[in-house]
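A.B. asks: This is the structure I have questions about; it appears just below.
The values are calculated or read from the model by the stated rules, or taken from the named source; none is laboratory data. Keep in mind that what you see is a predicted model, and the values were worked out from it rather than measured. Ideal geometry is used to build each Cβ from the backbone, glycine not excepted, and the neighbour counts take in all protein chains shown.
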Amino acid sequence: MGKGLVPPDSGDDDNIEPVDLKKALEERYLAYALSTIMHRALPDVRDGLKPVHRRIMHAMRLLRLSPDQGFAKCARIVGEVMGKFHPHGDQSIYDALVRLAQDFSVRYPLVDGQGNFGNIDGDNAAAMRYTEARMTGVATALLEGITEDAVDFRPTYNEEDEEPVVLPGAFPNLLANGSSGIAVGMATSIPPHNAAELCDAALHLIDHPDATVPELMHFVQGPDFPTGGIIVDDQASIREAYETGRGGFRVRSRWHQEDQGRGTWTIVVTEIPYGVQKARLIEKTAELLIARKLPLLDDVRDESAEDIRIVLVPKSRTVDPGLLMESLFKLTELESRIPLNMNVLSRGKVPNVLSLSGVLQEWLEHRKEVLVRRSRHRLGEIERRLEVLGGYLIAYLNLDEVIRIIREEDEPKQVMIARFSLTDVQAEAILNMRLRALRKLEEFEIRKEFDGLTEEKKQIEALLASDDRQWQTIKWEVGKVRDQFGPETAIGKRRTTFADAPDHDIEDIQQAMIEKEPVTVVVSEKGWLRAMKGHLTDHSQFTFKEGDGLKLAFPAQTTDKILVFTTGGKFYTIGADRLPGGRGHGEPIRIIVDMDNDQDIVTAFVHDPQRKLLLVSHDGNGFLVPEAEVVANTRKGKQVMNVKSPDEAQRCVPVSGDHVAIVGENRKMLVFPLSEIPEMTRGKGVRLQKYKDGGVLDIKTFDTGEGLTWQDSAGRVFTRGREELAEWIGARASAGRMVPKGFPRTGKFG
């Protein structure tokens, strides 16, 4: 630091130290981040628990709340956890405890709750003074061996007690129950899995340490949610998620069709995706129903009791149930994406994103370490007991002498040690022996115990000396857990199944989400669009802004797509349901789509993918295009006809028949076969008629068998057959001849 930053010495020595603010902030923020990552948000890969859960388990063990004991008030448990181990808010501890007891939140609950522990509708649990709890069998499996030096302990926050750094974890808790949390700069999200499948995969991994994720997926097919549901992802994406540790799963509700008699039916949803609150789901669906976003649905009812039962009533019996559900899956939480981000504390120290095999491998290594530590602990106990028993046996062999020494000597302990070569521990044990233990029978008991312990000691020493034996023991332990939570048990049966999402046409689904109503699409001269309700034939009723008037109007349905063709040769697609309503004058097209200012609307019509269109520019170029090819998916539209200024697109007519009649501004008409016009998806086209000056006025396709018709200004219809048109029939791109007698003055076919 520069000297100028040091405050002047006032002589009273306030101990003011100059600090570099940037450095101080970096250090303190890093300390906070690490604390959040290590001690709050990320689970330990070995026992799958965060510190608050671990402390709850430890406190419940100290309160002796095992599954075969009575319940204790949750307030008592929370008080113990907060006072001794977890100096944070009591509500956060209670929330964590409640979640561990909810069978819809946790696949294998660690807490057995008595009282109101909340429900799947999102209602809260009762206050902790009313509810009671004890541990479940899963919790006891996680704690198994904790008193046998299986894990390290560290001082608690006030250094008055000790708490475990990690639990022994005989149950594959991380993947079985999942975990989620947001730390600083990283998050974790692990869905629950089936414990029996995890155990099978772990057993395979013991035999084949180099097993790949696809091999392990023979056992672990995917997540197994407590709320069931159906996973609709393909195997490849599930495999990639498990290999990288990142991904997600699409989960759908389980539903079936229920016959109501007389041809009517309803859909009943019996399982909803994990983490979705049922009440909120029904609320959102009802909101969409009121907003008319679900035209196929008539009503939604919640008939749930203990089990979930959501009843969906269709608008009519003709509705396709598959389409109805697809529209609901798209808009509601009946389909949900559950993320996978296996970010865990690897070896309890380093945050790391692990694959499926990585997580199982670390759990097995932890189990091996626990086994070795418990075996060493037991070995120490046996050796201490054998030492004492050896002393007893010496005492029995020399019983009279021992009694004499105790009765007569001032320092019997030292004398006995010297006389019989005893250790201090043995001499102390003999002196503390009761007179009742001097029976003859007791000697046999001691010999039996001595032999039994000697045998056990040999076995443990053999176990500690052999890696293979250790893995065999772990296999036996994992096998025990697998049997306890096997598929034939009520809790172990797989709840989530797998299926491919049914193939429904995206178009059909989009249509299913729009209420079908008749409308009349109105386009003004200046490019204002609107949709009037109903099919209106009297166009004189329409009002326009001053200086504007009707360009065209045509009937449509709200489910239709409207195609707009502009002078720049572009097509725009607008859903009829997205057009502004009939009140007012509508909206300019430039607000709805990105249309250039120098372009105008040539025409607009209802999209029919079966048709072909004939596009013609002012200069007389044109080509055919299938209508399915001109649909634009974005606001920018789709360039189909290439025109360079001053030329512009002028006509777009649906194709029918086998011949084309074209009229120029010079009132010359040419008729030629339609087959001479090429079909393209984009381009300038070919010359249709030749002009000295001017351009195209009108064009029409027709069937020569029926003849060419036009209408004059008085409304009379003229028809000319093939013979009568003979002199106008020529080759494409020729000039043509003056129009026949009786042709309208406007030069249009009408």
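A.B. asks: Out of everything in the stretch 488-508 that is of a type outside the set (Gly, Ala, Ser), over 21 Å from SER237 (Cα atoms) and surrounded by 13 or more Cβ atoms within 10 Å (Cβ to Cβ), what residue ends up being modelled with the lowest pLDDT? Working first, answer last.
C.D. replies: Kept after step one, since they are of a type outside the set (Gly, Ala, Ser), are these residues of the stretch 488-508: 488-489, 491, 493-498, 500, 502-508.
So of that shortlist, the ones also over 21 Å from SER237 (Cα atoms) come out as 488-489, 491, 493, 505-508.
After this cut, where a residue has to be surrounded by 13 or more Cβ atoms within 10 Å (Cβ to Cβ) as well, the list is 491, 493, 508.
Working: ILE491: 91, LYS493: 94, ASP508: 63.
Residue satisfying both the conditions and the ranking: ASP508.
A.B. asks: Here is a list: ASP302, ASP298, ASP320, ASP259. Which entry is touching a Lys or Arg at 6+ places or on another chain (Cβ under 9 Å) and farther than 30 Å from GLY118 by Cβ? If you could, list the steps in order and put the result at the bottom.
C.D. replies: Values: ASP302 fails: farther than 30 Å from GLY118 by Cβ; ASP320 fails: touching a Lys or Arg at 6+ places or on another chain (Cβ under 9 Å); ASP259 fails: touching a Lys or Arg at 6+ places or on another chain (Cβ under 9 Å).
Matching residue, one of ASP302, ASP298, ASP320, ASP259: ASP298.
A.B. asks: Tell me whether the stretch 325-340 contains one or more residues that are part of a helix (DSSP H, G or I), surrounded by 20 or more Cβ atoms within 10 Å (Cβ to Cβ) and of a type in the set (Asp, Glu).
C.D. replies: yes
A.B. asks: So how many residues does the stretch 591-624 have that are within 19 Å of VAL522 (Cα to Cα) and under 43 Å from the mean Cα position of the chain (by Cα)? Show your work before the answer.
C.D. replies: If we filter the stretch 591-624 for residues that are within 19 Å of VAL522 (Cα to Cα), which is where we start, we get 591-593, 595, 599-608.
Then keep just the ones that are under 43 Å from the mean Cα position of the chain (by Cα); that gives 591-593, 595, 604-608.
Of the residues in that region, 9 qualify.
A.B. asks: When you go through (1) of a type in the set (Asp, Glu); (2) modelled with pLDDT of 85 or more; (3) buried (at least 18 other Cβ atoms within 10 Å of the Cβ) one by one for ASP577, which number turns out not to apply?
C.D. replies: Unmet condition: (2).
A.B. asks: Continuing with this model, one more query. Suppose the filter is polar (S, T, N, Q) and in contact (Cβ under 8 Å) with a residue 60 or more places away in the chain; does THR136 pass it?
C.D. replies: yes
A.B. asks: Any residue at all in the stretch 642-649 that is under 46 Å from the mean Cα position of the chain (by Cα), of a type in the set (A, V, I, L, M) and within 19 Å of LEU563 (Cα to Cα)? Walk me through it before giving the result.
C.D. replies: Taking the stretch 642-649 and keeping what is under 46 Å from the mean Cα position of the chain (by Cα), we get 642.
Within this subset, residues satisfying the condition of being of a type in the set (A, V, I, L, M) are none.
No, that holds for no residue.
A.B. asks: Condition check: in a helix (DSSP H, G or I), over 60 Å from the mean Cα position of the chain (by Cα) and of a type in the set (S, T, N, Q). Does GLN414 satisfy that? Break it down into steps so the answer makes sense when it comes.
C.D. replies: Numbers: in a helix (DSSP H, G or I): yes; over 60 Å from the mean Cα position of the chain (by Cα): yes; of a type in the set (S, T, N, Q): yes.
Yes, satisfied.
A.B. asks: Taking GLU723 and the conditions (1) under 60 Å from the mean Cα position of the chain (by Cα); (2) surrounded by fewer than 15 Cβ atoms within 10 Å (Cβ to Cβ), which numbered condition does it fall short on, given that it satisfies the others?
C.D. replies: Of (1) under 60 Å from the mean Cα position of the chain (by Cα); (2) surrounded by fewer than 15 Cβ atoms within 10 Å (Cβ to Cβ), only one is false for GLU723: (1).
A.B. asks: Can you tell me which of ALA196, ALA201 is farther than 22 Å from ASN343 by Cβ and part of a helix (DSSP H, G or I)? Step through it out loud before you land on a result.
C.D. replies: Numbers: ALA201 fails: farther than 22 Å from ASN343 by Cβ.
From the options ALA196, ALA201, the qualifying one is ALA196.
A.B. asks: Just need a number here: residues in the stretch 678-700 that are of a type in the set (Val, Ile, Thr) and more than 18 Å from VAL602 (Cβ to Cβ).
C.D. replies: At the first step, the residues of the stretch 678-700 found to be of a type in the set (Val, Ile, Thr) are 681, 686, 696, 699.
Filter again for more than 18 Å from VAL602 (Cβ to Cβ), leaving 681, 686.
Residues in the stretch 678-700 being of a type in the set (Val, Ile, Thr) and more than 18 Å from VAL602 (Cβ to Cβ): 2 in total.
A.B. asks: May I pose another question? Give me the pairs, please: first residue somewhere in the stretch 103-114 and more than 17 Å from ASP307 (Cα to Cα), second residue anywhere and surrounded by fewer than 20 Cβ atoms within 10 Å (Cβ to Cβ) and aromatic (Phe, Trp, Tyr), beta-carbon distance under 9 Å, and either six or more positions apart or on two chains.
C.D. replies: Short answer, once both residue conditions are applied: ASP112/PHE71; GLY113/PHE71; GLN114/PHE71.
A.B. asks: Taking the stretch 584-612, which residues are crowded, with 21+ Cβ neighbours inside 10 Å and over 19 Å from ALA553 (Cα atoms)?
C.D. replies: Across the stretch 584-612, the qualifying residue is only MET595.
A.B. asks: Ok, one more. Condition (residue is assigned by TED's automatic domain parsing to the domain that holds GLU546 and closer than 27 Å to VAL663 by Cα) applied to the stretch 588-598: is it met by at least one residue? Before the answer, list the steps.
C.D. replies: Keep residues of the stretch 588-598 that are assigned by TED's automatic domain parsing to the domain that holds GLU546, which gives 588-598.
Subsequent filtering for residues that are closer than 27 Å to VAL663 by Cα retains 598.
Yes.
A.B. asks: Could you grab me the full set of residues in the stretch 539-557 that are surrounded by fewer than 20 Cβ atoms within 10 Å (Cβ to Cβ) and touching a helix residue (DSSP H, G or I) at 6+ places or on another chain (Cβ under 7 Å)?
C.D. replies: Hits for the stretch 539-557 are LEU550, ALA553, GLN557.
A.B. asks: Could you please let me know if LEU697 is of a type in the set (A, V, I, L, M, F, W, C), touching a Phe, Trp or Tyr at 6+ places or on another chain (Cβ under 8 Å) and in the same structural domain as LEU614 (by TED's automatic domain parsing)?
C.D. replies: Values: of a type in the set (A, V, I, L, M, F, W, C): yes; touching a Phe, Trp or Tyr at 6+ places or on another chain (Cβ under 8 Å): no; in the same structural domain as LEU614 (by TED's automatic domain parsing): yes.
No; evaluated as a whole, the condition is false for this residue.
A.B. asks: Go through LEU435, LEU431 for me and flag whichever is farther than 30 Å from TRP363 by Cβ and loosely packed, with under 11 Cβ neighbours inside 10 Å. Steps first, answer last, please.
C.D. replies: Working: LEU431 fails: loosely packed, with under 11 Cβ neighbours inside 10 Å.
Among LEU435, LEU431, only LEU435 is farther than 30 Å from TRP363 by Cβ and loosely packed, with under 11 Cβ neighbours inside 10 Å.
A.B. asks: To continue, here is another question. Identify, by number, the condition in (1) in the same structural domain as GLN557 (by TED's automatic domain parsing); (2) touching a Lys or Arg at 6+ places or on another chain (Cβ under 9 Å); (3) without any contact (Cβ under 8 Å) to a residue 60 or more places away in the chain that PRO626 doesn't meet.
C.D. replies: In the conditions (1) in the same structural domain as GLN557 (by TED's automatic domain parsing); (2) touching a Lys or Arg at 6+ places or on another chain (Cβ under 9 Å); (3) without any contact (Cβ under 8 Å) to a residue 60 or more places away in the chain, PRO626 misses (1) alone.
A.B. asks: Right, next: Just checking, how many residues over the stretch 258-304 are closer than 12 Å to GLU333 by Cα and among the β-branched types (Val, Ile, Thr)?
C.D. replies: Qualifying residue count for the region: 4.
A.B. asks: Could you go through the stretch 369-388 and let me know if any residue there is touching a Ser or Thr at 6+ places or on another chain (Cβ under 9 Å) and under 23 Å from PRO172 (Cβ atoms).
C.D. replies: Looking for residues that are touching a Ser or Thr at 6+ places or on another chain (Cβ under 9 Å) and under 23 Å from PRO172 (Cβ atoms), one finds at least one in the stretch 369-388, hence yes.
A.B. asks: How about the stretch 18-44: which of its residues are part of a helix (DSSP H, G or I), among the aliphatic types (A, V, I, L, M) and surrounded by 13 or more Cβ atoms within 10 Å (Cβ to Cβ)?
C.D. replies: Within the stretch 18-44, ALA33, LEU34, ILE37, MET38, ALA41 meet the criteria.
To keep it simple, each residue is scored yes or no on (1) hydroxyl-bearing (Ser, Thr, Tyr); (2) surrounded by 14 or more Cβ atoms within 10 Å (Cβ to Cβ); (3) out of contact with any helix residue (DSSP H, G or I) (no Cβ under 8 Å at 6 or more places or on another chain).
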{"site": "LEU399", "(1), (2), (3)": "no, no, no"}
{"site": "ASP410", "(1), (2), (3)": "no, no, yes"}
{"site": "ARG447", "(1), (2), (3)": "no, yes, no"}
{"site": "SER466", "(1), (2), (3)": "yes, no, yes"}
{"site": "GLU477", "(1), (2), (3)": "no, yes, no"}
{"site": "PHE485", "(1), (2), (3)": "no, yes, no"}
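A.B. asks: Further question: Condition (residue is surrounded by fewer than 14 Cβ atoms within 10 Å (Cβ to Cβ) and under 27 Å from ILE601 (Cβ atoms)) applied to the stretch 660-669: is it met by at least one residue?
C.D. replies: Filtering the stretch 660-669 down to residues surrounded by fewer than 14 Cβ atoms within 10 Å (Cβ to Cβ) leaves none.
No, that holds for no residue.
A.B. asks: Right, here's the next one. Looking only at the stretch 302-323, count every residue that is in contact with a helix residue (DSSP H, G or I) (Cβ under 7 Å, 6 or more places away or on another chain) and either loosely packed, with under 13 Cβ neighbours inside 10 Å or at pLDDT below 90 (or both) and tell me the total.
C.D. replies: Here the count works out to 1.
A.B. asks: Contact list please: Cβ distance under 7 Å, first residue in the stretch 226-244 and free of Cβ contacts under 8 Å to residues at least 40 places away in the same chain and of a type in the set (S, T, N, Q), second residue surrounded by fewer than 22 Cβ atoms within 10 Å (Cβ to Cβ) and not in a loop (DSSP other than H, G, I, E, B), pairs at least six apart or on different chains.
C.D. replies: Pairs that qualify, where the first residue is free of Cβ contacts under 8 Å to residues at least 40 places away in the same chain and of a type in the set (S, T, N, Q) and the partner is surrounded by fewer than 22 Cβ atoms within 10 Å (Cβ to Cβ) and not in a loop (DSSP other than H, G, I, E, B), are SER237/GLY247.
A.B. asks: Out of the residues in the stretch 417-455 that are part of a helix (DSSP H, G or I) and β-branched (Val, Ile, Thr), state the one that is farthest from ARG385 (Cα to Cα). Walk me through how you get there before you give the answer.
C.D. replies: From the stretch 417-455, those part of a helix (DSSP H, G or I) are 417-420, 424-431, 435-438, 440-455; that's our starting set.
Keeping just the survivors that are β-branched (Val, Ile, Thr) gives 417, 425, 430, 446, 454.
Details: ILE417: 18, VAL425: 10, ILE430: 13, ILE446: 11, THR454: 10 Å.
Residue satisfying both the conditions and the ranking: ILE417.
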